[in-house]
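None of the figures in this text is laboratory data; all of them are computed from the coordinates on show. Everything numeric in this text was worked out from a predicted model, so none of it was measured. So basically every Cβ, Gly included, is an ideal-geometry build from the backbone, and we count neighbours across all protein chains shown.
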Amino acid sequence: MVGGGSMFFYVLENIQDIQDYYISDRNPIPIKLLQNLKESPNTLSKIYTEFWNTINSLPDDEDKEGFYKRMKDEFNKTNDPDLFYCLNKVCYNGMIRYSKDGLFNTPFHKGRTGCLPKKVIQKNTQLHNLISTKNVIIQNSSYLDIDYKENSLVYLDPPYPSLIKEFYHWDFDFVLLNKFLKRTDIKIAISMGQNYDEKLLPQLNQFKKIILSGYNSSHRRLNNENKVVNELLFINY
Ligand SMILES: C[S@@+](CC[C@H](N)C(=O)[O-])C[C@H]1O[C@@H](n2cnc3c(N)ncnc32)[C@H](O)[C@@H]1O
């Protein structure tokens, strides 16, 4: 469950005694982007620099928004991961949102230049070094289809139930997840938003609950409020 990849990169950078790192998502786009970061980070940085130069050479917000919309339409036809990456760096608050029809529909962030290419190049180089110096296996598959090894620690960060309609056009089956959580042969850690519906995942009553607080949440971004949001981490070990 790659999402924006922040958790994956945190683990890569900070937890050392891991032999193999498996990262998977059923959405091919973040997976392809991770593969591109691993194999050709300079190409991704170059594509973004050209995109950024083009959009920022336009005279005003209206023209920029027009260019953004044309690129967004192109992405919705092609599903090109590099184009998705570029759109995400200049879209509203870096938010990833889809319409009911499965089309990416986050608006352009007016009045901002988007992430500066210099910073993006630095970040991509740092992430590339992290991925390529460790044994990282990148897979486009559901968490349900993975052949977990003994002694695995599985971290799951499923879509927030309350945000599924707005952010994901795929369904997410919480009944299957609840069955998966009953597995006792692997260590499982799973994140949930503070207002998750307890009836969806009764198996979590068997887990230990850790409450984490932070500001950086899509709930805050959605409501444009700057309040502390609690995230829950459940573990079975
Ligand atoms: C909340 S995001 C994860 C955020 C991520 N932990 C981060 O640090 O940015 C949820 C992710 O779960 C993925 N997903 C949804 N259903 C899945 C499934 N059955 N198997 C694997 N990934 C799935 C979505 O594509 C999305 O990337």
Run the numbers for Lys118 and Asp147: contour at 0.36 nm per residue of separation, minus the present Cα-Cα distance, in nm. 6.5 nm
Once the dipole of the chain is set up from charges on Cβ (+1 Lys and Arg, -1 Asp and Glu), the residue from the list Ile210, Phe174, Ile235 lying farthest towards its positive end is Ile210
Could you give each residue of segment 19-33 its phi-based ³J(HN,Hα) in whole Hz, using Karplus coefficients 6.51, -1.76, 1.60 with θ = phi - 60°, and x for Gly or Pro? 7, 10, 10, 9, 10, 9, 7, 7, 7, x, 5, x, 5, 5, 5
Taking the chain and counting helices only, DSSP H stretches of n ≥ 4 at -39,500 (n - 2.57) each over all residues, the nearest-500 ellipticity at 222 nm comes to -12500 deg cm²/dmol
Per-residue counts of other Cβ atoms within 10 Å, averaged by peptide: what ranking do you get for 172-180, 146-154, 20-28, highest first? 20-28, 172-180, 146-154
Between helix 61-78 and the chain: long-axis angle, C-alpha atoms, 0 to 90°, nearest 10: 50 degrees
Residues with amide H under 5 Å from that of Phe104, placed H, sequence gap 5 or more: Ser99
For the chain, with only Lys/Arg (+1) and Asp/Glu (-1) charged at the beta-carbon, what is the dipole magnitude about the Cα centre, in debye rounded to 20? 380 debye
If you take every residue apart from Leu127 with its C-beta less than 12 Å away from the C-beta of Leu127, what net charge results, scoring Lys and Arg +1 and Asp and Glu -1? +2
Express as a percent, rounded to the nearest 5, the fraction of DSSP beta bridges in the chain (both residues included) that run antiparallel. 65 percent
Which cross-chain or sequence-distant (5 or more) residues have an amide H under 5 Å from the amide H of Leu156, H modelled 1.01 Å from N in plane? Ala189, Ile190, Ser191
Residue among Ser40, Tyr98, Ala189 farthest towards the positive dipole end of the chain, charges placed on Cβ: Ala189
20 °C / 1.002 mPa s Stokes-Einstein diffusion coefficient of the chain, Kirkwood radius on C-alpha pairs, µm²/s: 110 µm²/s
With the Cα gyration tensor of segment 36-129 giving a ≥ b ≥ c as the square roots of its eigenvalues, does the rule (a/c under 1.5 for rounded; else a/b larger than b/c for prolate; else oblate) give rounded, prolate or oblate? oblate
